[in-house]
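Have a look at the structure below before the remarks.
Computed from the coordinates by the stated procedures, all read-outs in this text should not be read as laboratory data. What you see is a predicted model, and the numbers here were worked out from it, not measured in a lab. Quick reminder, even Gly has a Cβ in these numbers, built from the backbone with ideal geometry, and neighbours come from all protein chains shown.
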């Protein structure tokens, strides 16, 4: 069992440390940087800074690549792989971090498939490390078209599967949507670990259109804010225009809160256990953050229990 760490400064809070300890977690997948485009050049974005050393945890550097990078034909893929490997090496040397695996996170498309698969080959060659890659549900179901990266393992991202809409369905996890994909898992020819969501967010709607997706919203504060009125279990309506957390909420707007409950995690584990070709070696939770962990403080060993359900 492991966690993703998706912040730009690595510094664990006491609560985060407690969650890791209570669940016997020994490994953290840390987002080191994104790769985006500046003009037509691929550049690192929002790089990690270590405010403390991640001892005693084993670290897997994760690099998130925007699909636009793979779609840009002038980006030299061999050179990009070398730069990524060198950058990770410099960060780890500076912070005395040992590593034997790199994970690549990219939601590639049919248009970027060939270049992405080539980039993975180059990175595997220049790094001489174990390589893993995130895999979305549609990339499992249609792998004949989307292709399979040449990596040592995939990590199935079992979240962000529904459409963002003002109805009561959950875009983070929708069991009905998931059911239409998971029957394909047994046929997928790459070993898969599983990433499960433990985050929440609020979706800000105006006239049925999406204004923003806002993370880390304190629901208790909303309930006590006279500018918002709760209209059902997950929805608030703006009754008076206001600015909160740097976001402008206009009278009549709606804020739909989406989260993951213990029952959701149980359903995910049950469905995946029944449909995966093999038991995953690792369950990774996204993501380790004080705000997310607070929701599970009443049962801090929940993550160990979920992993045991597989």
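Taking the C-alpha atoms only, the angle from helix 113-127 to the longest principal axis of the chain is near 60 degrees.
How much length is gained if the chain between residue 231 and residue 191 is pulled fully straight, taking 0.36 nm per residue apart and subtracting their Cα-Cα distance, in nm to one decimal?
Numbers: separation 40, 0.36 × 40 = 14.40 nm, distance 4.42 nm.
Extra length from residue 231 to residue 191 when fully extended: 10.0 nm.
Each label point was placed 7 Å from the Cα along the Cα-to-Cβ direction; for residue 49 and residue 243 their separation is 2.6 nm.
Set against the labelled values (i) 0.98; (ii) 1.08; (iii) 1.03, Cα Rg over 2.2 N^0.38 Å computed from this structure falls on (iii). The length gained on full extension between residue 212 and residue 68, counted as 0.36 nm times the residue separation minus their Cα-Cα distance, comes to 49.7 nm.
When ranked by the protection proxy of mean other Cβ atoms within 10 Å per residue, highest first, what sequence do the peptides 70-76, 240-246, 170-176 form?
Values: 70-76: 14.4, 240-246: 11.9, 170-176: 17.7.
Packing order, densest peptide first, comes out as 170-176, 70-76, 240-246.
Shape of the range 68-133 from its Cα gyration tensor (a ≥ b ≥ c, root eigenvalues): rounded if a/c is under 1.5, otherwise prolate when a/b > b/c, or oblate? Prolate, since a/c reaches 1.5 and a/b exceeds b/c.
Label reach from residue 78 (point 7 Å along Cα→C-beta): in the range 107-137, amide nitrogens under 19 Å belong to 114-129. Calculate how steeply helix 77-94 sits against the longest principal axis of the alpha-carbon atoms of the chain, using the helix alpha-carbon long axis, and give the answer as 0 to 90 degrees to the nearest 10. Tilt relative to the chain: about 80 degrees. Extending 7 Å from Cα along the Cβ direction at residue 98 and again at residue 126 yields two label points whose distance is 2.6 nm. Judged by the mean number of other Cβ atoms found within 10 Å, the most tightly packed of the peptides 32-45, 107-120 leads the ranking 107-120, 32-45. Axis angle, to the nearest 10 degrees, between helix 262-275 and the longest C-alpha principal axis of the chain: 40 degrees.
Straightening the chain between residue 294 and residue 138 buys 53.0 nm, computed as 0.36 nm per residue apart minus the Cα-Cα spacing.
Peptides 281-293, 85-97 ranked from most to least packed, by the mean per-residue count of other Cβ atoms within 10 Å: 281-293, 85-97.
Taking only the C-alpha atoms of the range 251-304, Rg followed by Dmax gives 14.8, 51 Å.
Cα gyration tensor of the range 206-249, axes a ≥ b ≥ c as square roots of the eigenvalues: rounded (a/c below 1.5), prolate (a/b > b/c) or oblate? Here the range 206-249 falls in the rounded category. Site pair residue 267 and residue 305 shows an inter-label distance of 1.8 nm when each label is modelled 7 Å from Cα along Cα→Cβ.
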